[in-house]
Amino acid sequence: MKIIDGRALAEQVKDQIALEVFEEVKNGGAHPSLAIVLVGSRPDSKLYVKLKEREAKKLGIDTHLYELEETVSENEIIETIKFLNNDKAIDSVLVQLPLPENINTEKVMAALDPKKDADGFLDNHPDNVLSPVLSSVKMMLDDTKIEPKNLSAGALYNSEVFGDALKKLLTDYGFKDVKGITARDASEVAKISETVDVLVVAIGAPFFIKEGMIKKDAVVIDIGTTQVGDKICGDVDFDNVKDKVSFISPVPGGIGPMTIAFLFKNVLSI
């Protein structure tokens with residue numbers, strides 16, 4: 001078993017970003033800027049924002065945090081986003097998800113100028129802006145140096161929109177057969193997870209994937225990140241499956257650091 005080290009891969013991306021920012025500023029350019037809109041006080045969301053602010057500072061990227069109360073109206077969030085759309089000092093905008101349940105996420109995100117969409121959330125974002133999660137999955141696959149043309153891949157997810165994007169990535173990567181499912185029922189998931197050579201999991205169910213649910217020597221990429229108490233847990237029971245797989249990405253230390261790195265790559269390219 002080999003661990004796909006997300007922290008090390010993220011450092012490679014961030015080193016390149018830092019170099020590009022340094023060269024830009026040295027030649028008289030401005031530091032890239034990112035506005036973060038945080039609604040409410042979810043501990044995990046506040047933690048993620050804090051990490052993004054810390055990493056941005058290291059890379060020479062300016063961040064501007066807009067914290068809104070849990071009781072804020074949908075219209076007030078939209079007005080904040082419209083203000084940032086028109087602020088020439090702000091290069092890019094990130095709305096920290098999830099939003100409170102009473103807020104229509106799609107309506108709020110639709111108010112964002114696609115040209116400032118740092119997370120690649122909108123369908124009409126610039127071509128040079130890619131989903132940080134999908135970019136991370138691709139880099140992890142590259143790191144394994146597997147040859148996809150004779151291998152099958154499976155995707156487990158809880159969102160059809162994200163699932164379609166993930167399956168497209170795997171298809172474009174060259175896997176001969178790509179399957180996907182949204183179900184969390186173990187018997188349904190197992191029909192895919194037990195048969196594929198590469199498994200990408202993003203269902204938000206801590207420790208759901210066990211040793212008996214995966215193919216021997218499979219490559220497993222765990223996108224799931226759920227806060228349980230004071231710990232961040234993945235969808236894969238790492239200790240339970242590690243002796244059966246050929247490659248696996250851990251949580252924490254896998255997808256998380258990489259998505260932050262690729263977020264800033266988007267900020268730089270906007």
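The values are calculated or read from the model by the stated rules, or taken from the named source; none is laboratory data. In this text the structure is predicted, and so the values were computed from the model without any measurement. With ideal geometry, Cβ positions are generated from the backbone for all residues, glycine too; neighbour counts draw on all protein chains shown.
When you look at I77, is it under 18 Å from the mean Cα position of the chain (by Cα) and surrounded by 19 or more Cβ atoms within 10 Å (Cβ to Cβ), yes or no? Taking the combined requirement at face value, the residue does not satisfy it. Considering only residues that are surrounded by fewer than 19 Cβ atoms within 10 Å (Cβ to Cβ), not in a strand (DSSP E or B) and not basic (K, R), which ones fall in the range 230-249? D230, D237, D239, N240, D243, S246, listed by residue number. Looking across K107, K88, one residue alone is assigned by TED's automatic domain parsing to the domain that holds L51 and farther than 20 Å from L34 by Cβ. It is K107. Among the residues of the range 159-178, is there at least one that is part of a helix (DSSP H, G or I), more than 22 Å from G254 (Cα to Cα), in contact with a helix residue (DSSP H, G or I) (Cβ under 6 Å, 6 or more places away or on another chain) and in contact (Cβ under 8 Å) with a residue 12 or more places away in the chain? No: zero hits.
There is no residue in the range 104-115 that is farther than 23 Å from D164 by Cα and crowded, with 21+ Cβ neighbours inside 10 Å.
Within the range 128-156, residues that are part of a helix (DSSP H, G or I) and β-branched (V, I, T) reach no partner that is buried (at least 17 other Cβ atoms within 10 Å of the Cβ) and modelled with pLDDT under 95 with beta carbons closer than 6 Å at six or more positions or on different chains.
Quick one: count up the residues across the range 60-89 that are of a type outside the set (D, E) and without any contact (Cβ under 8 Å) to a residue 24 or more places away in the chain.
Residues flagged as of a type outside the set (D, E) and without any contact (Cβ under 8 Å) to a residue 24 or more places away in the chain within the range 60-89 amount to 6.
From the list L94, L84, L130, the lone residue that is in contact with a strand residue (DSSP E or B) (Cβ under 8 Å, 6 or more places away or on another chain) and under 26 Å from D222 (Cα atoms) is L94. Residues in the range 223-243 that are in contact with a strand residue (DSSP E or B) (Cβ under 9 Å, 6 or more places away or on another chain), touching a residue at least 40 places away in the same chain (Cβ under 8 Å) and more than 18 Å from K50 (Cα to Cα): 3 in all.
For the range 48-90, the set of residues classified as within 26 Å of T225 (Cα to Cα), of a type in the set (F, W, Y) and modelled with pLDDT of 95 or more consists of Y66 only. Looking across I209, I181, I223, one residue alone is in contact with a Leu (Cβ under 9 Å, 6 or more places away or on another chain), surrounded by 16 or more Cβ atoms within 10 Å (Cβ to Cβ) and either at pLDDT below 95 or over 22 Å from V133 (Cβ atoms) (or both). It is I181. Checked against (1) buried (at least 17 other Cβ atoms within 10 Å of the Cβ); (2) modelled with pLDDT of 95 or more; (3) not hydrophobic (A, V, I, L, M, F, W, C), H125 passes all but a single condition, namely (2). Within the range 50-64, the residues that satisfy the criterion of being part of a helix (DSSP H, G or I) and buried (at least 19 other Cβ atoms within 10 Å of the Cβ) are K52, E55, A56, L59. Scanning the range 179-212 for residues that are under 20 Å from the mean Cα position of the chain (by Cα) and in a helix (DSSP H, G or I) yields nothing.
From (1) surrounded by 14 or more Cβ atoms within 10 Å (Cβ to Cβ); (2) modelled with pLDDT of 95 or more; (3) touching a strand residue (DSSP E or B) at 6+ places or on another chain (Cβ under 9 Å), pick out the condition that doesn't hold for V13. With (1) surrounded by 14 or more Cβ atoms within 10 Å (Cβ to Cβ); (2) modelled with pLDDT of 95 or more; (3) touching a strand residue (DSSP E or B) at 6+ places or on another chain (Cβ under 9 Å) applied to V13, the lone miss is (3). Within the range 180-203, residues that are free of Cβ contacts under 8 Å to residues at least 40 places away in the same chain have Cβ atoms under 8 Å from residues that are surrounded by fewer than 19 Cβ atoms within 10 Å (Cβ to Cβ) and in a strand (DSSP E or B) in these pairs: E188/I181; V189/I181; K191/I181; I192/K179; I192/G180; I192/I181, counting only partners at least 6 apart in sequence or on another chain.
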